[in-house]
Amino acid sequence: MIRLWHVLKSCRQWSKAFSIFNALFVSLAFNAAWSASGLAGSTDIPHVSDKARENYLQYQYAGEHRAFAIAPGGAWAWRSDASNEAEAEQLALQDCQSHTRQKCVLYALNDRVVFDKVQWPRLWGPFADNQAAKAARVGTAVGERFHDLTWKDATGNKVSLSGLNGKLVFLHFWGSWCPPCLREFPSLRKIHDKIKAEFSPDIEMVMLQMREPFDQSRMWAEQFEFTDLPLQDSGVKDSEATTLTLSDGGMIQDRDLARVFPSTYVLDRNGLVVFSHYGPVGDWLEYLPFLKHAIAETGKNTRVKNTR
């Protein structure tokens with residue numbers, strides 16, 4: 001009986017090994033087929049999740065005409081069996097756009113990769129000048145001037161968003177009680193290190209804790225050695241607090257800024273939203289070309305004072 005159990009165990013191990021080998025073989029075969037047809041492998045698609053990459057596997061074998069669309073931040077969609085390429089493109093872009101505030105572009109059309117790597121980091125533009133920024137409405141949508149929040153820096157000094165004159169702002173909302181927030185920290189550290197080393201005169205990174213006192217979030221950061229990140233005090237005092245303070249003394253609900261935690265915004269030198277993302281990002285370093293382009297395009301403009 002014992003001998004039979006060992007035989008069965010061995011069979012199960014071989015079955016598992018075979019399953020792993022078979023999955024690897026299929027993946028390699030798919031990528032080989034794409035290379036032959038002119039399509040790149042799924043790992044070449046920027047920003048998207050594993051689910052999107054799996055769908056790209058299916059895309060290759062869908063009926064013509066078909067198109068695969070993506071956007072900065074990871075939104076994606078694809079359509080197949082359209083009457084022509086133009087229709088496939090229109091439907092894929094339309095579906096993609098329904099999931100994001102960012103501009104969607106085509107990644108693939110039928111058997112061709114049409115993705116433009118040069119234009120990709122320019123999708124945050126065009127950037128508004130000072131005059132246009134003055135006329136922009138206050139809000140969280142792309143092109144709107146972000147609400148003029150106030151907080152305290154690590155030394156306890158009061159800071160306002162409108163006081164960050166002439167800088168791009170990487171504004172991040174998080175909490176130590178939030179598992180997705182914590183999983184994102186290694187990626188945030190990488191982008192912070194890059195910003196600090198290469199772009200500190202042009203970019204200010206601000207990380208504000210939500211629904212917990214600053215001491216509690218700081219304690220977590222000390223425990224896991226993340227105190228090198230720009231953690232600042234949002235002013236929230238406990239887990240029940242859901243409002244943030246504005247420079248005019250008013251208050252705003254945190255969910256009006258962050259649908260989920262974590263949430264991140266990138267603001268141009270005039271405080272206008274150029275990018276927003278709800279949820280964790282797997283690799284913030286993918287956004288370096290976008291930040292570099294934003295720095296080059298916006299020059300040294302002075303931020304317009306944010307009024308309500």
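Amide H contacts under 5 Å for His147: Gly139, restricted to partners 5 or more places along the chain or on a different chain, H placed in the peptide plane at 1.01 Å from N. Here the Karplus relation 6.51 cos²θ - 1.76 cosθ + 1.60, evaluated at θ = phi - 60°, turns the backbone of the stretch 216-232 into coupling constants of 5, 5, 5, 4, 4, 4, 5, 4, 9, 6, 10, 6, 6, 7, x, 7, 10 Hz, with x for every Gly and Pro.
State the extension gain, in nm to one decimal, for the chain segment bounded by Tyr61 and Asp256, taking 0.36 nm per residue of separation less the distance between their alpha-carbons. Residue separation times 0.36 nm, minus the Cα-Cα distance, leaves 66.0 nm.
Can you classify the stretch 187-308 as rounded, prolate or oblate using the Cα gyration tensor, where a ≥ b ≥ c are the square roots of its eigenvalues, rounded means a/c under 1.5, and otherwise it's prolate if a/b beats b/c and oblate if not? Since a/c reaches 1.5 but b/c is at least a/b, the shape of the stretch 187-308 is classed as oblate. Our coupling estimate for the stretch 147-159, obtained by passing each phi through the Karplus curve with A = 6.51, B = -1.76, C = 1.60 and θ = phi - 60°, is 4, 7, 6, 10, 7, 10, 6, 5, 9, x, 7, 6, 10 Hz, Gly and Pro reported as x. When each of Thr242, Thr298, Thr155 is scored by the number of other beta-carbon atoms lying within 10 Å, the sequence from fewest to most is Thr155, Thr242, Thr298. Seen through its C-alpha gyration tensor, with square-root eigenvalues sorted a ≥ b ≥ c, the stretch 83-163 comes out prolate because a/c lies at 1.5 or above while a/b is bigger than b/c. Amide H to amide H, with H built 1.01 Å from N, Lys167 comes under 5 Å of Arg303, counting only residues 5 or more places away or on other chains.
Of Lys167/Lys194; Lys134/Lys237; Lys158/Lys237; Lys158/Lys196; Lys117/Lys292, which ones are farther than 25 Å apart at the Cα? Pairs exceeding the cut-off: Lys134/Lys237.
Sorted largest first, the spans of the alpha carbon positions of the stretch 90-129 along the three principal axes are 40, 24, 12 Å. Couplings for the stretch 198-211, taken from phi via the Karplus curve 6.51 cos²θ - 1.76 cosθ + 1.60 with θ = phi - 60°, read 10, 10, 4, x, 10, 10, 10, 9, 10, 10, 10, 6, 10, 6 Hz in order; Gly and Pro are left as x.
Placing +1 on each Lys and Arg Cβ and -1 on each Asp and Glu Cβ, with no other charges, gives the stretch 43-160 a dipole about its Cα centre of roughly 660 debye. Here's how it looks for Glu64: its modeled amide H is under 5 Å from those of Asp81, which are all 5 or more places away or on a different chain. May I ask which residue of Leu182, Ala258, Thr155 lies farthest towards the positive end of the charge dipole of the stretch 124-298, with charges of +1 (Lys, Arg) and -1 (Asp, Glu) on Cβ and the Cα centre as origin? Value: Ala258.
One chain, two ends: Met219 and Tyr278. Fully extended at 0.36 nm per residue, the span grows by 18.8 nm beyond their Cα-Cα distance.
Since every read-out is calculated from the coordinates, none of them should be taken as a lab result. A quick note: this is a predicted structure, and the numbers were derived from the prediction, not measured. We place every Cβ from the backbone using ideal geometry, glycine too, and count neighbours over all the protein chains shown.
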